[in-house]
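Some notes on the structure that comes next.
Derivation of every value follows stated rules applied to the coordinates shown; laboratory data play no part. Since we're looking at a predicted model, the values are computed, not measured. FYI the Cβ positions are ideal-geometry reconstructions off the backbone, even for glycines, and counts take in every protein chain you see.
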DNA sequence: GCCAACGTTGGC
DNA sequence: GCCAACGTTGGC
């Protein structure tokens, strides 16, 4: 089983939105970066756990834990001309972008980016690297353990 | 709103 | 294949 971190703008989809969804499950769509896509497509398996990270907001940080609950499948929004995420180069035969479904495991008290930066054990964390912008990235098991111990319900 | 960092595009 | 121009991300 692998660990991940997934960023979402809470104005778009917050941890509360995932909790409020049917079966506490939403499709993770709109990833339009190849590295992030490849992590989802090649690395993620159902049962993997991910830190749910709120980005581009007043207080960025970890807001909950979700479980990957599907394999990769074509992201429908790439074919939708009305969608902000439409990709004219994607075809049904050759989709470019994929989704996975995620289920909320629990919401946590916000563990802010500011706090994360103060924790020595997380020094090498990809999220904290300078210029890191990936929206889907792996989390090392020791990083996961460190963070999980800090998360409150 | 600013801007650093990074990714993508496309001419050559 | 290079690289300039442009677009996006995301913290501040």
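Using the scaling law 2.2 N^0.38 Å as the reference, what is the normalised Cα Rg of region A:14-67?
Numbers: Rg = 12.1 Å, N = 54, 2.2 N^0.38 = 10.0 Å.
This ratio for region A:14-67 stands at 1.21.
For A:142, A:54, A:84, what's the fewest-to-most ordering of other Cβ within 10 Å of each Cβ? Don't skip to the end; give the middle numbers.
Details: A:142 12, A:54 23, A:84 7.
Ordered by Cβ neighbours within 10 Å, fewest first: A:84, A:142, A:54.
Would you mind giving the average projected area, over all directions, of the Cα convex hull of region A:96-142 in nm² with one decimal? Present the calculation step by step, with values, prior to reporting the outcome.
On the way: hull surface 19.8 nm².
That works out to 5.0 nm², a quarter of the Cα hull's surface.
Give the span of region A:34-106's Cα atoms along each principal axis, as three whole-Å numbers ordered largest to smallest.
In descending order, the Cα extents are 36, 30, 20 Å.
So for region A:73-153, Kirkwood radius off the Cα pairs, Stokes-Einstein at 4 °C and 1.567 mPa s: how many µm² s⁻¹? Walk me through the intermediate numbers first.
Values: Rh = 15.7 Å.
So the translational diffusion coefficient is about 82 µm²/s.
Do the sum for chain A: with -39,500 (n - 2.57) for every DSSP H run of n ≥ 4, divided by all residues, what is the mean residue ellipticity at 222 nm, to the nearest 500 deg cm²/dmol? Numbers along the way, then the final one.
Values: 4 runs with 25 residues, N = 153.
It lands at -4000 deg cm²/dmol.
Please determine, in degrees from 0 to 90 and to the nearest 10, the orientation of helix A:141-150 with respect to the longest principal axis defined by the Cα atoms of chain A, where the helix direction is its Cα long axis.
It is inclined by approximately 60 degrees.
Using only the Cα atoms, what convex hull volume per residue in Å³ does chain A have? Numbers along the way, then the final one.
Numbers: hull volume 17.9 nm³, N = 153.
It is 117 Å³ per residue.
Order by neighbour count: A:108, A:25, A:118, fewest other Cβ atoms within 10 Å first, most last. Walk me through the numbers before you get to the answer.
Numbers: A:108 20, A:25 15, A:118 8.
With the sparsest Cβ surroundings first, the list reads A:118, A:25, A:108.
Springs between alpha-carbon atoms under 10 Å, Gaussian network over chain A: tell me which of A:50, A:121, A:27 tops the mean-square fluctuations.
A:121
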